[in-house]
Amino acid sequence: MFGDSVLGTSTVIQLHGVAWDQPADLSSRAVQEDLSPVAVRAFFRLGSHWKLRDEDARVLIGGISNGSFYQLKRSAAKASDRKTLDQDKLTRISLLVGIFKALNILYSTKLADAWVKLPNSNPIFRGQTPLNYMLKGGVPSMLRVRQLLDARRGGL
């Protein structure tokens, strides 16, 4: 259903039980359980496009251990082996998916997939790659990269 308003009633688009007109309550265990399978698959797909090393992927998702990472990777391939992500990991994946989407809107597929590993002259990166910037700075850096790309999409 698409949102519209008629005589004070509204219908809202929903995906996995989460309304599009308001942020998901990522602190809710039920929301975490609903969103985790999709988030895990998205994370590993974008990691494949970006050709992330497992070590870098582990840091981006929150510094998880090798064992936890490979369990998560297996759960992406098996619907029956679902892992529930916490609020921090869902937030990180949301930011990364937003970055991935913005890159694919702004650039060709080849450049969009390579961009995170290319040295960048933008002052926020200080000559390093966006990937290194995000690895070192965590969520705040991911948020800045997302904002930068969203601003570029908006013509700034």
*Only one of these conditions is not met by P130: (1) in contact with a helix residue (DSSP H, G or I) (Cβ under 6 Å, 6 or more places away or on another chain); (2) modelled with pLDDT under 95. Which number is it?*
(2)
*Looking for whichever is closer than 17 Å to V139 by Cβ and among the small types (G, A, S) here; the options are A39, A76. Which one fits?*
A39
*Regarding I105, is this residue in contact (Cβ under 8 Å) with a residue 24 or more places away in the chain, over 26 Å from D25 (Cβ atoms), assigned to a loop (DSSP other than H, G, I, E, B) and among the aliphatic types (A, V, I, L, M)?*
no
*Go through the range 133-156 residue by residue and tally those that are of a type in the set (A, V, I, L, M, F, W, C), in contact with a helix residue (DSSP H, G or I) (Cβ under 7 Å, 6 or more places away or on another chain) and farther than 21 Å from V59 by Cα.*
1
*In the set Q71, Q32, which member is more than 21 Å from A114 (Cβ to Cβ), within 15 Å of the chain's Cα centre (by Cα) and either part of a helix (DSSP H, G or I) or touching a residue at least 24 places away in the same chain (Cβ under 8 Å) (or both)?*
Q32
*Can you name every residue in the range 78-118 that is modelled with pLDDT of 95 or more and more than 16 Å from the chain's Cα centre (by Cα)?*
L106, Y107, S108, T109, K110, L111, A114, K117, L118
*asked:* One residue is enough: does the range 123-137 have a residue meeting the conditions more than 12 Å from the chain's Cα centre (by Cα), outside any helix (DSSP H, G or I), touching a residue at least 24 places away in the same chain (Cβ under 8 Å) and closer than 25 Å to V38 by Cα?
replied: no
*asked:* Out of G47, G67, I need the residue that is modelled with pLDDT of 85 or more and loosely packed, with under 15 Cβ neighbours inside 10 Å. Which one?
replied: G67
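The values are calculated or read from the model by the stated rules, or taken from the named source; none is laboratory data. A quick note: this is a predicted structure, and the numbers were derived from the prediction, not measured. Note that we place each Cβ from the backbone using ideal geometry, even for glycine, and neighbour counts take in every protein chain shown.
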